[in-house]
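To keep things clear, I will list the structure first and then write my remarks on it.
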Amino acid sequence: MKKLVVAFGLLLNFNVFAEYGLNMTEGVTSLSHDIYGLHMMVFWVSVVIAIVVFGAMFYSLYMHRQSKGAVAANFHESTKAELVWTIVPIIILIGMAVPASKVLIDLEDTTKAEMTIKITGHQWKWQYDYPKEGISFISNLSQDSRDAVNGTDADRENADNYLLNVDKRLVLPVDTSIRFLITSNDVIHNWWVSDFGVKQDANPGFINDAWAKIDKIGTYRGQCAELCGKDHGFMPIVVDVVSKADYKKWVSKQQAAAAAAVASANETWSKADLMAKGKTIYNANCAACHKANGSGMPPVFPAMKGSVIVNGPAAKHINIVLHGKGAMPTFKMLGDSDLAAVMTYERNAFGNTGSVVQPSDVKSAR
Ligand SMILES: [Cu+2]
């Protein structure tokens, strides 16, 4: 018997199943617990109904079978039976609808929020803004996952949380009511973190809201849940939930970094510094379309290598990167030094021979 179980386990590969629970996730927010509770309540109501209905059916089939000489009863229009089979389901439905409506109303009620995060979907990355704290950044698929996509099977196995990791994580405080304002810059995306019980469409031109009060410190992962183009599967979500004290520290660190970036944008950078920074920014933000080696994917995504704009006067180059054009998205949300670096990189990598772009050039072109 034991051998049989082991053989069966090997056949089904239980190791693979170990990560999968049978039930839906319970999550870590007040809402996700409520949603889980609703799910379990409806599940048990269904189980009881199934037992009663199938029990009566199988009992009747067995006890009143023809070989025992059963004769079918013959009656119609039983007011009593009709009342029972109308009233009982109505009571059951109301019993489920009342708690379900309560949760649904709570889901929409963001008035308790203690802080706000604005989430913007882009093809194919997420932008996070903390309007009150003055923090804003882009969260891209992490570089090792990006490299592993076209690498070997071993690369994909070795990549840290392959396709579920980012370069810069959303950081949130624990035990705090957080309102999410969710929108998009281009097509419809969907911000989905199942542990939070949050799955909300990001529509261009509209702002949807959702909220979460997270009760457990940890790292939570999610994905874009609306087919949004070629790299839809490559814009994951990673959220670090930290203690309130750690969150405060993180906020002041980000604010200091932002202030330093503004200050450095007034300086003149060396070409080497711009190239080094530019490469990272290019790989994270531009390589999805223009390719890491600058070859692009013509005719839709032009090559950077040998491009007339990239090798020509800087003004035209700055203009298309700041404002976008057709399927080329705007990158005005990046800082002056980041943009100067990425453009200097494009203009001098891949055998190009363009001029150096300084942060001040970008600043004056905005
Ligand atoms: Cu998307």
Choose one of Ala292, Val262, Asn208: the residue whose Cα lies farthest towards the positive end of the charge dipole of the chain (beta-carbon charges +1 Lys, Arg; -1 Asp, Glu; about the Cα centre). Ala292
Based on DSSP, what percent of beta bridges with both residues in the chain are antiparallel, to the nearest 5? 75 percent
Taking the dipole of the chain about the Cα centre (Lys, Arg +1; Asp, Glu -1; charges at Cβ), the one of Ile138, Pro89, His317 that reaches farthest to the positive side is His317
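So, with +1 on the Cβ of K and R and -1 on the Cβ of D and E, and no other charges, what is the size of the charge dipole of the chain about its Cα centre, to the nearest 20 debye? Let's see the in-between values first.
On the way: 35 positive and 34 negative charges, 82 e Å.
Computed about the Cα centre, the dipole is about 400 debye.
In Å³ and rounded to a whole number, note down the convex hull volume per residue for the Cα atoms of the range 215-366.
Values: hull volume 20.4 nm³, N = 152.
It comes to 134 Å³ per residue, whole-number rounded.
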Just to confirm my numbers, what's the Cα centroid distance between the range 114-170 and the range 241-299 in Å? 13 Å
On C-alpha positions alone, give me the angle between the axis of helix 79-108 and the longest principal axis of the chain, in degrees, nearest 10. 20 degrees
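For the chain, what's the relative contact order in percent, using C-alpha pairs closer than 8 Å and at least 6 residues apart?
Numbers: 579 pairs, mean separation 49.2, N = 366.
Worked out over the chain, it gives 13 percent.
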Say the cut-off is 26 Å between C-alpha atoms; which of Lys168/Lys291; Lys132/Lys230; Lys271/Lys332 go over it? Lys132/Lys230
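Would you calculate the convex hull of the Cα atoms in the chain and tell me its volume per residue in Å³? Could the numbers behind the result be given before it?
Working: hull volume 85.6 nm³, N = 366.
Expressed per residue, the convex hull around the Cα atoms of the chain is 234 Å³.
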Give the range of the longest stretch in the chain that excludes all chymotrypsin sites (Phe, Trp or Tyr not before Pro) found in loop regions by DSSP and having at most 12 other beta-carbon atoms within 10 Å. 207-366
Other residues with Cβ under 12 Å from the Cβ of Thr111 give, with Lys and Arg +1 and Asp and Glu -1, a net charge of -3
Assigned charges on the beta-carbon of Lys, Arg, Asp, Glu; the range 19-87 dipole about Cα centre (debye): 500 debye
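Go through the range 132-202 and name the trypsin sites (Lys or Arg not before Pro) that are in a DSSP coil and have 16 or fewer other Cβ atoms within 10 Å of their Cβ. Don't jump to the answer; show the numbers that get you there.
Numbers: sites: Lys132, Arg146, Arg156, Lys168, Arg169, Arg179, Lys199; in loops: Lys132, Lys168, Arg169.
Loop-located and lightly packed - Lys132, Lys168.
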Quick one: of the DSSP bridges fully inside the range 80-238, what percent are antiparallel, nearest 5? 75 percent
Quick one: which residues, 5 or more positions from Met115 or on another chain, have an amide H under 5 Å from its amide H? H modelled 1.01 Å from N in the peptide plane, none for Pro or chain starts. Arg179
Projecting each Cα onto the charge dipole of the range 115-263 (Lys/Arg +1, Asp/Glu -1 at the beta carbon, about the Cα centre), which of Asn158, Cys224, Trp126 comes out farthest on the positive side? Trp126
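Each value in this text was obtained by applying a stated rule to the coordinates, not by laboratory testing. As the structure is a prediction and not an experimental result, all values here were calculated from the model. In this analysis, Cβ positions are derived from the backbone assuming ideal geometry, glycine residues included, and neighbour counts consider all displayed protein chains.
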